[in-house]
2 protein chains.
Amino acid sequence: MDRPEDNIWMHCSSSSVRRASRQLSQLYDDIIGGIGLRGTQFSLLTQILYGNEPTQKSLAEAMVMDLSALGHTLKPLIRDGLVELVPDEKDRRAKRVRLTDVGSALQADLVEKWREAQSRFDAVLGIEKSEELRRTLAFISSAEFAQAFEKTGKTGD
Amino acid sequence: MDRPEDNIWMHCSSSSVRRASRQLSQLYDDIIGGIGLRGTQFSLLTQILYGNEPTQKSLAEAMVMDLSALGHTLKPLIRDGLVELVPDEKDRRAKRVRLTDVGSALQADLVEKWREAQSRFDAVLGIEKSEELRRTLAFISSAEFAQAFEKTGKTGD
DNA sequence: CAAATATAGTGGTATATGCCAGTAAAATCC
DNA sequence: GGATTTTACTGGCATATACCACTATATTTG
């Protein structure tokens, strides 16, 4: 209908991010998704891999995701045998998330494909803007940002 | 668990955008969502308002969203009487999307709240980085970007 | 220690979003 | 003009994600 520059919605940061999110998920999934895993699932697997057997709680925090949302998202991965939950020794409420061997193998496989997608991204946007963007987005995703956003109340916080 | 800077996932653009998307949806919704509409729905209403009675197809394109996804997303809005679909005169396949009076009124209401959220965002990130970010995201969301991404051969890594 | 409170997860419900397989109405091609 | 192809949408199914209410387990308090 018209180009994004003409679009009033370039004004809304939240919409902008969501829209870009749809586009990138699409693009990355076209490359990564062949095996049947979506980009979100891949990033979850990777986060689990590097997360030192995180509890669901801490995993959710790292993903900036609601705990129950994480739980739901994990279900298909557990069902398909890529991930397992093990009760924490000390705290019987907590369950730690861990990759199965199959999950690890799949993750390793996908890393290669991810690299391809990521390098395309860097190539198209330019490596500098690309890194700058990720820094900015990391800040936006941080707890500091959320706190500042909430405090920046109209008059005296 | 750790700060986002420590996170290997700062390396993935797609995850970064998704994570930021969750954070911002959350933050904006806390301000906008009081009346019961989510940010996504608000941006949809606004896009419809400015879209000159778009067909679902063109609306989906503007939103960088799958057509069927748009259809699903519109359902609750139609059910709640904020939006209506009118068959196109010329092309009987097409249906144009239009705000009802209730929808327009609600949209207008929410614009005020949105402004508050947006100004907080600009305040926390800084207006310049904020605008730069939106420009970058608009580019990422564009068809040009998608084409370039798809064309950029693997040689480029 | 028992009661009150806080924390970690689970399950239900609802929206968000995508893919695929139809259906119906153009548009195109003999 | 009828068969083929393309286009615009619909419906079903699956994942993504959030909120709320509930349960089980810890932690804090009196």
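Relative to the longest principal axis of the Cα atoms of chain B, the long axis of helix B:13-32 makes an angle of roughly 50 degrees. Dimensions of chain A from C-alpha coordinates, computed as largest minus smallest value along each principal axis and given longest first, are 52, 46, 29 Å.
For the chain pair B and A, the buried solvent-accessible surface (1.4 Å probe, both sides summed) amounts to about 6700 Å².
Number of Lys-Lys pairs in the range B:4-141 with C-alpha atoms under 17 Å apart and a separation of 8 or more places or on different chains: 4. Note on the protein assembly as shown: dipole from Cβ charges, positive end direction compared against A:Leu37, B:Ala108, A:Met63; the farthest Cα belongs to A:Leu37.
Peptide B:117-127 is shielded by partner chain Cβ atoms: per residue, an average of 4 of them sit within 10 Å of its Cβ.
The listed residues B:Ile127, B:Ile31, once ranked by accessible area (1.4 Å probe) with the largest placed first, stand as B:Ile127, B:Ile31.
For the range B:20-148, relative contact order (Cα pairs under 8 Å, six or more residues apart, normalised by length) works out to 24 percent. Counting, for every residue in A:43-50, the Cβ atoms of other protein chains within 10 Å of its Cβ and taking the mean gives 3. Sorted from shortest to longest, the distances between the A:Asp91 label points of this copy and the other copies are 5.5 nm, with each point 7 Å from Cα along the line through the beta carbon. Placing unit charges on the Cβ atoms only, positive for Lys and Arg and negative for Asp and Glu, gives the range A:4-151 a dipole magnitude near 440 debye about its Cα centre.
Please give the helix B:101-125 orientation as an angle from the longest Cα principal axis of chain B, in degrees from 0 to 90, rounded to the nearest 10. Value to nearest ten degrees: 10. The H on the amide N of B:Arg96, modeled in the peptide plane, is under 5 Å from the matching H of B:Val86, B:Asp88, each at least 5 residues off or on a different chain. Entry comment: accessible area of chain A is 51 Å² per residue, from protein heavy atoms only and a probe of 1.4 Å. Taking the Cα atoms only, what angle lies between the long axis of helix A:67-79 and the longest principal axis of chain A, rounded to 10 degrees? Here the helix axis deviates by roughly 50 degrees. What the phi angles of the range A:47-60 give under the Karplus curve with 6.51, -1.76 and 1.60, with θ = phi - 60°, is a coupling list of 4, 5, 4, 8, x, 6, 6, x, 6, 4, 4, 6, 5, 4 Hz, glycine and proline written as x.
Note on the protein assembly as shown: Cα convex hull, mean projected area over all directions, 18.2 nm².
The values are calculated or read from the model by the stated rules, or taken from the named source; none is laboratory data. Predicted, not measured: the structure shown is a model, and the values here were computed from it. Using ideal geometry, Cβ is built from the backbone for each residue, glycine included, and neighbour counts are taken over all protein chains shown. Remember, those area values only see protein heavy atoms, side chains included, never the ligands or the DNA or RNA. Shrake-Rupley method; radii C 1.70, N 1.55, O 1.52, S 1.80 Å.
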